[in-house]
Amino acid sequence: MIRQFWDAAAATAAFFFCAAAFAADPNLCVACHGDGGNSTNPAVPSIAGQPRQFLATSLFMFREGFRKDPQMTPMAEKLTNPELNELAQHFASQKLAPPRHQASAENALAGPALAKKFNCTQCHGPQLLGQQQMPRLAGQQYEYLKAQLRAFKAGKRGEMDGNMSAAAQALSDQDIEVLADYLAGLAG
């Protein structure tokens, strides 16, 4: 009976040791985010070529519970600060694949004016490639962009400073559709 207890305890300890040891393995990320961080799932963001600081901050927010997601939260909660930075550096250095989405001609024309009107380039950079803690929007997944903009507008998307939730309040449903279509079609 005692031996069974120790065997079970050793197996449990080994499981948690292995889980912690592999928490920062980028190969775990590709199951959802795609090869090299280039997602093929419309609901999952591409993380290749994102700014390192944005990626590290996002992982930190998932780990600390400021952002919640049924897949990301359990993955991030095991990460140490050095592991967050290691994963962020890895995916920031990956080459972004060309966008798979092609914006409608109408939205490709209307998108730049909307991006300017709503000050997207003020934080995300003139080419919408992201900078520091701000994500690259250009070439991001269309469905993901729509979902995030809607969540910001509804106040359901965690963020550090509230700027995106405030900015999204002025967006109409049509604005969200046009911006997401335009942004998803931009080359990164």
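Confirm whether residue 157 is surrounded by 14 or more Cβ atoms within 10 Å (Cβ to Cβ) and modelled with pLDDT of 95 or more. Considered against the rule, which asks whether it is surrounded by 14 or more Cβ atoms within 10 Å (Cβ to Cβ) and modelled with pLDDT of 95 or more, residue 157 comes out as no. Residues in region 165-188 that are among the aliphatic types (A, V, I, L, M), buried (at least 20 other Cβ atoms within 10 Å of the Cβ) and in contact (Cβ under 8 Å) with a residue 24 or more places away in the chain: 176, 178, 179, 180, 183, 184, 186.
Considering region 30-64 alone, what residues qualify as being among the small types (Gly, Ala, Ser), closer than 15 Å to residue 145 by Cα and surrounded by fewer than 20 Cβ atoms within 10 Å (Cβ to Cβ)?
43
Does residue 25 fit the bill of being without any contact (Cβ under 8 Å) to a residue 24 or more places away in the chain, closer than 21 Å to residue 145 by Cα and of a type outside the set (Val, Ile, Thr)?
Spelling it out, it is not the case that residue 25 is without any contact (Cβ under 8 Å) to a residue 24 or more places away in the chain, closer than 21 Å to residue 145 by Cα and of a type outside the set (Val, Ile, Thr).
Condition first: at negative phi, assigned to a loop (DSSP other than H, G, I, E, B) and in contact (Cβ under 8 Å) with a residue 24 or more places away in the chain. Now tell me which residues in region 128-158 satisfy that. Hits for region 128-158 are 129, 133, 135, 136, 137, 138, 140, 141, 157, 158. Can we say residue 39 is polar (S, T, N, Q), assigned to a loop (DSSP other than H, G, I, E, B) and either at pLDDT 95 or above or more than 13 Å from the chain's Cα centre (by Cα) (or both)? Yes: the conditions hold for residue 39.
In a helix (DSSP H, G or I), within 17 Å of residue 47 (Cβ to Cβ), of a type outside the set (Lys, Arg) and modelled with pLDDT of 95 or more: does that describe residue 106?
Taking the combined requirement at face value, the residue does not satisfy it.
Of all residues being at pLDDT 95 or above and part of a loop (DSSP other than H, G, I, E, B) in region 78-95, which is surrounded by the fewest Cβ atoms within 10 Å (Cβ to Cβ)? Just the residue, please. Restricting to residues being at pLDDT 95 or above and part of a loop (DSSP other than H, G, I, E, B), the top hit is 95.
The values are calculated or read from the model by the stated rules, or taken from the named source; none is laboratory data. The structure presented is a predicted model; accordingly, all values stated were derived computationally and were not measured. Here Cβ is always computed from backbone atoms with ideal geometry, including for glycine, and neighbour counts include all displayed protein chains.
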